[in-house]
Amino acid sequence: MFNSKDNTKTSSSSTSHSKKGHTLLGEGTTINGDISFNGMLILDGTITGSITGSQNDDVLTISESGFIEGKINVANIVVNGKIKGDINSSGKVEVASKADIEGNVYYRTIEMNTGSRINGQLIYQDDKKSSKIANIEDKKAK
């Protein structure tokens, strides 16, 4: 039963079907350092460092208890916690009612709920602006 060829085919096709992961950093978890992720990252804890999503459909979700101090560069972000640092999104930014952002938000699409707070500039991104900002960030890193 376990050694049949049909079971082997099924398990190998299911593992190769999706390589995107879902990561949860729970409340009480603290990370000091930069993070690069693929898929979905849900933050209930604290991160001090930059966060980068590696794909065009990645999603970073920050719950009410979540806190980030550092730059964020992701396709899509849902914020209901606190961020100290700039956000650069190539997709959609959702700012929920408990969100508290101290930094500039570079966006293509944004949705804000009543009660949310952004202390910084909202800067619309088109294709030309986002590539210029990427070039500036690369030069600063060197």
ask   = Quick check, is Asn56 at pLDDT below 95 and in contact with a Ser or Thr (Cβ under 8 Å, 6 or more places away or on another chain)?
value = yes
inquiry  = Based on this model, can you work out whether Phe37 counts as of a type outside the set (A, V, I, L, M), within 16 Å of Ala96 (Cβ to Cβ) and within 13 Å of the chain's Cα centre (by Cα)?
reply    = no
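Quick one: in region 77-87, of everything that is surrounded by 23 or more Cβ atoms within 10 Å (Cβ to Cβ) and touching a Phe, Trp or Tyr at 6+ places or on another chain (Cβ under 8 Å), which residue is nearest to Val59 (Cα to Cα)?
Ile87
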message = Which condition from (1) modelled with pLDDT of 95 or more; (2) surrounded by fewer than 17 Cβ atoms within 10 Å (Cβ to Cβ); (3) over 24 Å from Leu122 (Cβ atoms) is the one that Gly45 breaks?
response = (2)
query = Quick one: is Ile77 aliphatic (A, V, I, L, M) and under 18 Å from Thr29 (Cα atoms)?
reply = no
message = Suppose we filter region 69-99 for residues that are under 14 Å from Ile123 (Cα atoms) and hydrophobic (A, V, I, L, M, F, W, C); how many remain?
response = 2
ask   = Yes or no: Thr61 closer than 19 Å to Val93 by Cα and either surrounded by 17 or more Cβ atoms within 10 Å (Cβ to Cβ) or charged (D, E, K, R) (or both)?
value = yes
remark   = Of (1) touching a helix residue (DSSP H, G or I) at 6+ places or on another chain (Cβ under 9 Å); (2) modelled with pLDDT of 95 or more; (3) among the polar types (S, T, N, Q), Gln125 fails just (2)
query = Which pairs have Cβ atoms under 9 Å, sit 6 or more apart or on different chains, and link a residue in region 57-81 that is aromatic (Phe, Trp, Tyr) to one that is in a strand (DSSP E or B) and modelled with pLDDT of 95 or more?
reply = Phe67/Leu43; Phe67/Thr46; Phe67/Ile47; Phe67/Thr48; Phe67/Lys82; Phe67/Ile83; Phe67/Lys84
ask   = If only one of Asn104, Asn119 is touching a strand residue (DSSP E or B) at 6+ places or on another chain (Cβ under 7 Å), free of Cβ contacts under 8 Å to residues at least 60 places away in the same chain and exposed (fewer than 14 other Cβ atoms within 10 Å of the Cβ), which one is it?
value = Asn119
inquiry  = Thr61 - would you say it is more than 11 Å from the chain's Cα centre (by Cα) and modelled with pLDDT of 95 or more?
reply    = no
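The values are calculated or read from the model by the stated rules, or taken from the named source; none is laboratory data. Since the structure is predicted, the reported quantities are computational estimates derived from the model, not experimental observations. Because the Cβ atoms are built from the backbone with ideal geometry, glycine has one as well, and the counts that use them run over all protein chains shown.
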